[in-house]
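Peer 1: Structure provided below as structure tokens; questions to follow.
What follows draws every value from the coordinates through simple rules; no lab data is involved. Here the structure is a predicted model, which means the values were calculated and not measured. Every residue, glycine as well, gets a Cβ built from its backbone with ideal geometry; the counts of neighbours run over all protein chains shown.
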Amino acid sequence: MSTKSLGRVLTSPGGHWVGDGFPVRSLFNYMEHAQELSPFLLLDYGGPAEFPPTSERLGVGPHPHRGFETVTIVFDGEVEHRDSSGAGGRIGPGDVQWMTAGRGVVHEEFHGREFARRGGPFEMAQLWVNLPRKDKLTAPRYQEIHAAQIPSVEHGGARVRVIAGELDGARGPALTFSPLDVWDLRVERAGSLELPSPDGHTAALVVLSGEVRIGAATVREAQVARFERRGAGLRVEASAGAHLLFLGGQPLDEPVVGRGPFVMNTEAEIWQAIADFQAGRMGALS
Ligand code: MN
């Protein structure tokens with residue numbers, strides 16, 4: 001079987017702020033790309049940005065989620081989180097927070113207090129992963145994954161941290177509801193990079209910095225190469241020093257209806273989510 005060919009290159013329409021702490025570029029979103037990137041719904045790339053020291057709390061105050069998971073990967077700086085299930089924590093460079101909103105949480109996301117006080121470079125990504133219909137109302141779950149728990153493998157000129165899924169026998173620590181891969185790649189040697197991806201699976205290579213070439217196409221910073229599902233594995237030419245995220249997985253093949261922080265399967269379920277949130281049934285921050 002031949003390798004997957006390039007489907008298309010997604011380019012962020014521009015940047016915006018999430019609260020007053022997170023200057024992000026949305027590299028894809030569920031309004032436009034939910035089916036082609038299933039099970040992935042959204043990717044916000046935050047920074048890189050330099051924050052001066054402050055005694056303010058920068059970030060985003062209490063807001064709900066239902067029906068999916070938010071995955072926060074910190075590359076530089078610190079993110080603090082607290083939610084209505086009682087979970088919370090602070091993650092720093094290399095750490096990942098994998099939060100299952102399931103039937104609903106209310107949470108807040110801020111810069112870490114220590115980081116805010118001293119200021120400095122800030123860079124992160126937040127990925128939204130859809131839940132299969134049968135798991136959308138599962139109990140909320142919080143996985144705090146520290147850098148030291150994430151296996152790292154040398155793979156074809158790149159150092160790859162396996163956050164979820166499996167590469168070259170290294171298994172990522174994240175528990176997921178459908179088969180998927182999230183890998184954080186730093187290209188150490190320019191040249192050909194081949195990644196495994198089963199026939200039929202979604203496969204996307206996110207370029208955070210540097211560039212990759214795929215045939216005649218060049219994919220640059222803050223762009224996403226979305227591959228065709230047909231074919232096994234993919235091959236790109238990567239520049240030295242490139243920072244990439246690989247997202248792969250079995251498509252859910254279910255309807256996606258989203259409104260702001262809620263992503264369900266039907267319009268009626270969205271109205272229910274809004275009603276449940278307004279009635280306090282997703283809890284509150286103490
Ligand atoms: Mn949130």
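Peer 1: Per DSSP H run of at least 4 residues, take -39500 (n - 2.57); add these up for the chain, divide by its residues and hand me the 222 nm value, nearest 500 deg cm²/dmol.
Peer 2: -2000 deg cm²/dmol
Peer 1: For the stretch 182-199, in order, what is each residue's ³J(HN,Hα) by Karplus, 6.51 cos²θ - 1.76 cosθ + 1.60 with θ = phi - 60°, in whole Hz (x at glycine and Pro)?
Peer 2: Residue by residue, the stretch 182-199 yields 10, 10, 10, 10, 10, 7, 9, 10, 4, x, 6, 10, 10, 10, x, 7, x, 3 Hz.
Peer 1: Please state the shape class of the stretch 116-257: rounded when a/c is under 1.5, otherwise prolate if a/b exceeds b/c and oblate if not, all from the C-alpha gyration tensor.
Peer 2: Oblate, since a/c reaches 1.5 and b/c is not below a/b.
Peer 1: Which value in Å is the Kirkwood Rh of the stretch 1-151 over different Cα pairs?
Peer 2: Result for the stretch 1-151, one decimal place: 16.3 Å.
Peer 1: Oh, and also: Going by average Cβ density within 10 Å per residue, which order do the peptides 49-61, 197-209, 273-285 take, highest to lowest?
Peer 2: Ranking, from highest mean packing down: 197-209, 273-285, 49-61.
Peer 1: For GLU221, list long-range residues whose amide hydrogen, built 1.01 Å from N in the peptide plane, is under 5 Å from its own amide hydrogen.
Peer 2: Under 5 Å from the amide H of GLU221: GLY210.
Peer 1: State, to one decimal in nm, how far the label point of ALA49 lies from the label point of ALA279, with both points 7 Å from Cα in the Cβ direction.
Peer 2: Result for the modelled spin labels: 3.7 nm.
Peer 1: Ranked by Cβ crowding within 10 angstrom, fewest neighbours first, how are TYR45, TYR142 ordered?
Peer 2: Arranged by neighbour count, lowest to highest, TYR45, TYR142 become TYR142, TYR45.
Peer 1: Show me 261-267, 131-137, 158-164 ranked by packing, highest mean number of other Cβ atoms within 10 Å first.
Peer 2: Descending packing order for the listed peptides: 158-164, 261-267, 131-137.
Peer 1: Which order do peptides 88-101, 4-17 fall in by mean Cβ count within 10 Å, highest first?
Peer 2: Packing order, densest peptide first, comes out as 88-101, 4-17.
Peer 1: Let me ask another. Which cross-chain or sequence-distant (5 or more) residues have an amide H under 5 Å from the amide H of THR3, H modelled 1.01 Å from N in plane?
Peer 2: Hits under the 5 Å cutoff: ALA232.
Peer 1: Helix 267-278 against the longest principal axis of the chain: what's the angle in degrees, Cα atoms only, rounded to the nearest 10?
Peer 2: So the helix axis and the longest Cα principal axis differ by about 50 degrees.
Peer 1: How would the chain be classified by its alpha-carbon gyration tensor: rounded, prolate or oblate, with rounded meaning a/c under 1.5 and the a/b versus b/c comparison settling the rest?
Peer 2: It is oblate, given that a/c is not under 1.5 and a/b is not larger than b/c.
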